[in-house]
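The values are calculated or read from the model by the stated rules, or taken from the named source; none is laboratory data. In this text the structure is predicted, and so the values were computed from the model without any measurement. Neighbour counts are summed over all protein chains in view; Cβ atoms, including those assigned to glycine, are modelled from backbone coordinates with ideal geometry. SASA here: full protein model, heavy atoms, side chains in, ligands and nucleic acids out. Shrake-Rupley method; radii C 1.70, N 1.55, O 1.52, S 1.80 Å.
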Amino acid sequence: MRLPDPHRSRIVLIGAGRYSDPNLPDLPAVHRTVTDLAGLLTDRYYGLVPESHCTVLLDDGDLRTVGGRLRSALAEAEDLLLVHYAGHGLVGGRRHDLYLALPDSEWDAPEFNSLEYDKLRGAVLDSPAETKVVVLDCCFSGRAVADSLAGEGERIGQLEVAGTYVLTSAQRDQVSLALPGEDHTAFTGRLMRLLREGVVGGPELLTVDDLYQRLRTMMGAEGLPVPLNRGAGGAHRIALGLNRAFAATAGPELGRRHLAALEQGRAGDWKGAAGQLQKILDEQTRLLGAEHTDTLRTRQSYAHSLGGAGTPVEAAGLLRHLLAEQIRLLGPDHEDTLRTRQYLAVNLGEAGHREEAVGMLRVLLADRGRVLGGEHEDTSRTRHMLARNLALTGARDEAVALLRQLVAERDRVLGGEHALTRRAREDLEGVADVRAVR
């Protein structure tokens, strides 16, 4: 079970919602279906491919144009090739073959102005893609399964080697539906719901076969046409997305592991903590996305733990990149953004850039006082860190003044015996003694 390589995969979405033949009613839901499916499959964090690798052919009536763009995408696919069609399915010819309607198709003569499924099948099989998935959301789409994706002889052998999966919205002689009041077609709308919401209790990755089994249950329970499938080779093991419901349940557990790693660091094992946080970060990026708040917070802890493990220069570099993203995503006054600024200043100071650290801490002290209040513990931490760095740069008078203010505040707010109060008092005594000696 695996996700496809996004750079070696291609997706082709074909949709026809408007028709010139009065015998073919327009399908308003198709446009929204294809557009939203494209957005879902090219989502920056949960999608399968970048936008440039997703070809959308919507209401294009020129069969030559459709064929040309289709062949181009099929030829470029190396890992996964996914072809999805939504529109009217037509039956024509003496063999009652399946045709996929285009805007200029004719109900009673689809052979001359529609996309013949047999030709689509042949083009898909000729693609160099390792895994090929065809999804048909149209009436009579079950014919694609009942008649087999492969033909006879070498086509069957090619199918088995390549690994191909066909998923259809209806049985051989059954119509597909677009229900009143729904934005999407019944079949693809439910497929998208599974990809968007996930399957509670399901695996981390949703394979095409997982989706098929779930769709059969969902649509059967609603009295809708039950989909069909036909798979060969290892195609059933290809994943079409992360199970977002799995990610939702995994999030709290990753959060607990994050806290445990921080405790490991505070106990003195920052190197071990960094190793654990790196693993948590990888999982959160995969399951929650790189811009999720939890992922950003773990990036912050991971970078800071590297500083604790003795590599403050590397930590400062990571924190600079994180800070830019947090300002964009969370805003400059978010508590996580402010904390990253503190960690960045700390690691810059440890890397020998004391003057730069002092400058950053002065500004941060004013900002934390404005956002959180002058006696908030985070504001006090910044005041304490500023005093320490000032003392190390030789500005001991200012450091003593800040530490006296800090001791008075903590004594009043936390009490004289609190660990943070005692630490501030010890630092004050140390800096005052050094100043007295000098």
Simple spin-label estimate for ARG320/THR217, 7 Å along Cα→Cβ, in nm, reads 5.1 nm
Placing each pseudo-label 7 Å from Cα in the direction of the beta carbon, THR35 and ARG362 end up separated by a distance in nanometres of 5.3 nm
GNM on the chain, Cα springs under 10 Å; top mean-square fluctuation among LEU390, LEU167, LEU98 goes to LEU390
For the chain, the charge dipole (Cβ of Lys, Arg +1; Cβ of Asp, Glu -1; about the Cα centre) points to a positive end, and the Cα of MET1, ALA16, ALA274 closest to that extreme belongs to ALA274
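On average, how much accessible surface per residue is there in region 16-74, in Å², for a 1.4 Å probe, leaving out ligands, DNA and RNA?
51 Å²
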In the chain, taking the dipole from +1 charges on Lys and Arg beta carbons and -1 charges on Asp and Glu beta carbons about the Cα centre, the listed residue (TYR99, VAL56, VAL363) farthest towards the positive end is VAL363
When the chain is treated as a Gaussian network with springs between alpha carbons less than 10 Å apart, the largest mean-square fluctuation among SER301, SER20, SER169 is found at SER20
Which of (i) 1.19; (ii) 0.98; (iii) 0.94 gives Rg/Rh (Cα atoms, Kirkwood Rh) as computed here? It is (i)
Full extension between GLU429 and ARG69 adds, at 0.36 nm per residue less the Cα distance, a length in nm of 122.0 nm
Out of LEU262, LEU100, LEU242, a Gaussian network model of the chain with alpha-carbon springs under 10 Å gives the largest mean-square fluctuation to LEU262
Low-density loop trypsin sites (Lys or Arg not before Pro), region 66-143, at most 11 other Cβ within 10 Å, DSSP non-H/G/I/E/B, are ARG94, ARG95
Region 1-121 -> Rg/Rh from Cα coords, Kirkwood Rh, value 1.00
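To check you understand DSSP bridge types, tell me what percent of the beta bridges within the chain (both residues inside) are antiparallel, rounded to 5.
On the way: 13 of 37 bridges.
If we restrict to bridges inside the chain, about 35 percent are antiparallel.
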Taking protein heavy atoms only, a 1.4 Å probe, and rounding to whole percent, the accessible area of the chain owed to carbon and sulfur comes out at 50 percent
Expressed per residue, the solvent accessible area of region 355-413 in Å² (1.4 Å probe) is about 46 Å²
Rounded to the nearest 500, the 222 nm mean residue ellipticity computed for the chain from DSSP H runs (n ≥ 4, each -39500 (n - 2.57)) alone is -18000 deg cm²/dmol
Whole-Å distance linking the alpha carbon centroid of region 30-53 with that of region 350-401 is 47 Å
